[in-house]
Structures are given as C-alpha cells and as structure tokens.
Amino acid sequence: MGRERGGLRWGPRVIDLDILFYDGCTVEEADLEIPHPRLHLRRFVLVPLTEVAPDFVHPGFGKTVRELLEGLTTQQVVEPYGSDEARCWESCGATRAQDSGGDEALGR
C-alpha cells in the first residue's frame, strides 16, 4: 500500500501517515523513523502540536514542542482551520452535533 520506489518523492500514493511521536520512543529503520525526522523544521506541524502537547519533550533533541516552535527561524504563516470548518460541515450536509466519527460525522 506504500509508495512505489522510483516514483516521485512527494508524489501521489494510496496512504501517507507521518508518525510524529510514539510515546518517548525512537525508531530508526529503513522504512520508518520515529520521531518524524523533519517535524522540528515544520511550523505547520509544530503550531497545532503546540496547542495539544506543548510540554512534550522530543526524545532526540531534549526540547519541548513549544521550544522547538520558538526556535524556528522560518516565517511561514500557519492559519487555524477555524472559520472555514463550519462551511465545510454545512456543504456536506452535516452539523457539528453529528461530529462523532465515521459516516455519522458526515451526516450520513
């Protein structure tokens, strides 16, 4: 189900899961690295991660998620999903009350 080797590096694939952290474990295998090897460079990852786990310590760097975010020098703008979320729910015929997972979350 993974990416076909020899294809585009960031090309289309059936599924793409990035495992940011798994408890405080580190894994370095040919086809799996935990923590994600570039999460500390990505504001679009660190901003929402700081909202849910600001004090989680990166096992490789010994810094909290908040410290990793504060240490970034990129000025990438990360905007919350917020106001567009309500329109998305309305456009698929669902309501926030139906947000319980699976097909029910889509109002089906």
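Any residue at all in segment 56-70 that's modelled with pLDDT of 85 or more, aromatic (Phe, Trp, Tyr) and not in a loop (DSSP other than H, G, I, E, B)?
No, because not a single residue in segment 56-70 is modelled with pLDDT of 85 or more, aromatic (Phe, Trp, Tyr) and not in a loop (DSSP other than H, G, I, E, B).
Under 6 Å by Cβ, and 6 or more places apart or on different chains, what pairs join a residue from segment 15-37 that is more than 19 Å from Phe61 (Cβ to Cβ) and of a type in the set (Val, Ile, Thr) with one that is in a loop (DSSP other than H, G, I, E, B) and at pLDDT below 95?
Pairs found: Ile15/Met1.
Just for segment 49-61: of the residues that are within 12 Å of the chain's Cα centre (by Cα) and in contact (Cβ under 8 Å) with a residue 12 or more places away in the chain, which one is nearest to Ile19 (Cα to Cα)?
Leu49
Is there a residue being at pLDDT below 95 and part of a loop (DSSP other than H, G, I, E, B) anywhere in segment 39-48?
Yes, segment 39-48 contains at least one residue that is at pLDDT below 95 and part of a loop (DSSP other than H, G, I, E, B).
Show the residue pairs that are 6+ apart or on different chains and have beta-carbon atoms under 7 Å apart, the first residue being within segment 62-73 and within 14 Å of Arg42 (Cβ to Cβ), the second being in a helix (DSSP H, G or I) and among the β-branched types (Val, Ile, Thr).
Val65/Thr50; Leu69/Val47; Leu69/Thr50
The values are calculated or read from the model by the stated rules, or taken from the named source; none is laboratory data. Being a predicted model, the structure only gives us computed values, none of them experimental. Heads up, the Cβs are rebuilt from the backbone with ideal geometry, glycines too, and the neighbour counts pull from every protein chain shown.
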